[in-house]
Amino acid sequence: MKIPEVESILELNELMDTFDLIKPVYYKDDRIMLLDQRQLPFKEEYLMIESPEEVATAISSMQIRGGGAIPIAAAYAFLLAKRQGLSSEKMEDLGNLLIGTRPTASSLRRIVDSLQPLANDGVESMEKAVVQFISGKLQNEIDIAEVGAKLVNDGDSILTHCHAGALAGCGYGNKTLGIFKLAQKQGKKIHVYSTETRPYMQGARITTWELMKFDIPTTLITDSMAGYFLSQGEIQFTLVGADRIAGNGDVVNKIGTYPIALACKDNNVPFYVGAFREGVDLNVTGGEEIPIEMRDPSDITNFGYLRLATPDVDALYPTFDITPNRLVSGFITPWGVISFPFESNLLEVFDE
Ligand code: RUB
């Protein structure tokens with residue numbers, strides 16, 4: 001399905017309203033409305049953001065998260081800055097502030113690099129660029145669903161890790177939910193195993209919430225149970241997102257992805273990764289070159305507000321891990337499935 005071209009926020013919002021979306025963020029009346037993902041699944045509350053810098057705070061605190069959603073929030077921050085008449089120097093500071101919030105996902109730097117040069121142009125050209133970026137994402141999410149749903153068979157149980165669904169993108173379905181929704185719409189009976197995704201629990205809090213909203217049967221498991229279910233023949237297909245993909249096909253995704261990919265390999269279960277242009281970084285040749293964000297380990301020592309760990313114990317929280325390309329069965333993209341050899345095939349699809 002091809003969506004119509006849009007040029008203004010008004011047209012974008014009208015277009016978005018024609019789909020059944022769960023919007024992580026939208027722009028209205030010169031305010032950025034941002035669904036506070038930290039409150040999910042118990043509260044669906046939109047924060048009203050009136051200053052561009054506040055977007056950086058919301059990204060750092062993971063009120064908005066996911067490699068597809070954070071550049072949208074950043075794009076809206078640029079539009080708001082432009083509307084508020086920020087100077088080009090201030091816009092540069094804003095760009096640096098935004099990039100500094102989450103170092104691993106390549107999508108954030110990409111959008112900043114593409115909007116920064118418009119700092120001295122008129123508001124209309126910034127608005128057009130922002131709107132085209134977001135409507136392009138919507139088109140990508142529609143297209144990847146069509147490609148991915150073809151790989152899903154009737155009766156499949158699919159494993160997913162962390163959250164690469166609607167709220168990690170523009171709201172349509174991003175790299176996973178759109179595929180599940182379409183496969184189900186095509187009459188295939190599917191079932192999704194969602195890992196809780198320690199330590200931040202995006203799987204338990206957000207993935208299951210979204211899947212249940214769309215009546216897709218889902219079962220929550222701990223990250224450490226994935227190997228067991230894979231070894232029991234319970235899972236036919238694994239699908240995850242990726243915060244950054246290196247030129248050789250190494251995948252940096254939420255911590256815990258690598259052991260799942262290993263268990264998939266050992267049990268001959270295909271391990272697929274969803275990929276959009278902004279997540280593929282051909283400038284890095286291997287996963288080891290990608291910076292891995294370290295977050296506050298209080299998520300390891302505490303469970304919500306409850307302290308679990310021995311007082312004063314050392315803890316570490318690397319947010320992502322690196323899955324080597326040899327464990328990846330293929331990349332599902334809006335332009336088809338990319339298989340081995342990844343280096344040349346990724347280059348063919350994603351070289352700009
Ligand atoms: C990471 C995250 C997972 C997703 C990436 O983002 O959610 O790694 O698989 O999804 P965060 P996507 O640390 O912000 O929660 O491929 O859509 O970026």
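Accessible surface comparison of MET91, MET48, MET225, probe 1.4 Å, protein chains only, largest first: the order is MET48, MET225, MET91. Only protein heavy atoms count here; on that basis, with a 1.4 Å probe, MET1 has an accessible area of about 120 Å².
Shown for the stretch 279-352: the carbon plus sulfur share of the solvent-accessible area, taken with all protein chains present and a 1.4 angstrom probe, equals 54%.
Relative contact order for the chain: what percent, with Cα pairs under 8 Å and sequence separation of 6 or more? Kindly include the intermediate steps, with their values, before the conclusion.
Working: 703 pairs, mean separation 55.1, N = 352.
Once normalised by length, the contact order is 16 percent.
Placing R0 at 45 angstrom, the Cβ-Cβ distance between VAL123 and SER344 gives a FRET efficiency of 0.60 after rounding to 0.05. Computed over the chain, the P(r) tail beyond 26 angstrom holds 47 percent of alpha carbon pairs. Taking ASN283, ASN140, ASN248 in turn, the Gaussian network model of the chain (Cα-Cα springs below 10 Å) assigns the largest fluctuation to ASN283.
Of the trypsin sites (Lys or Arg not before Pro) in the stretch 1-60, which ones lie in a loop per DSSP and count no more than 12 other C-beta atoms within 10 Å?
Numbers: sites: LYS2, LYS28, ARG31, ARG38, LYS43; in loops: LYS2, ARG38, LYS43.
Those satisfying the criteria are LYS2, LYS43.
This model, with +1 at the C-beta of Lys and Arg and -1 at the C-beta of Asp and Glu, gives the stretch 80-133 a dipole about its Cα centre of some 220 debye. Taking the C-alpha atoms only, the angle from helix 257-266 to the longest principal axis of the chain is near 30 degrees. Here's how it looks for THR218: its modeled amide H is under 5 Å from those of VAL192, which are all 5 or more places away or on a different chain. Only Lys, Arg, Asp and Glu count, each charged at its Cβ (+1, +1, -1, -1), so figure out the dipole size of the stretch 1-88 about its Cα centre, rounded to 20 debye. In debye, rounded to 20, the stretch 1-88 gives about 300. Simple point charges give the picture: +1 on the Cβ of Lys and Arg, -1 on the Cβ of Asp and Glu, and for the chain a dipole about the Cα centre of about 840 debye. Compared with the dominant principal axis of the Cα atoms in the chain, helix 69-83 is inclined by about 0°. Only helices enter this figure: runs of n ≥ 4 DSSP H residues, each worth -39500 (n - 2.57), summed and divided by the residues of the chain, yield -11000 deg cm²/dmol at 222 nm to the nearest 500.
The values are calculated or read from the model by the stated rules, or taken from the named source; none is laboratory data. In this text the structure is predicted, and so the values were computed from the model without any measurement. Neighbour counts run over all protein chains shown; Cβ positions are idealised from the backbone, glycine included. Areas reflect the complete protein model, heavy atoms only, side chains present, ligands, DNA and RNA absent. Shrake-Rupley method; radii C 1.70, N 1.55, O 1.52, S 1.80 Å.
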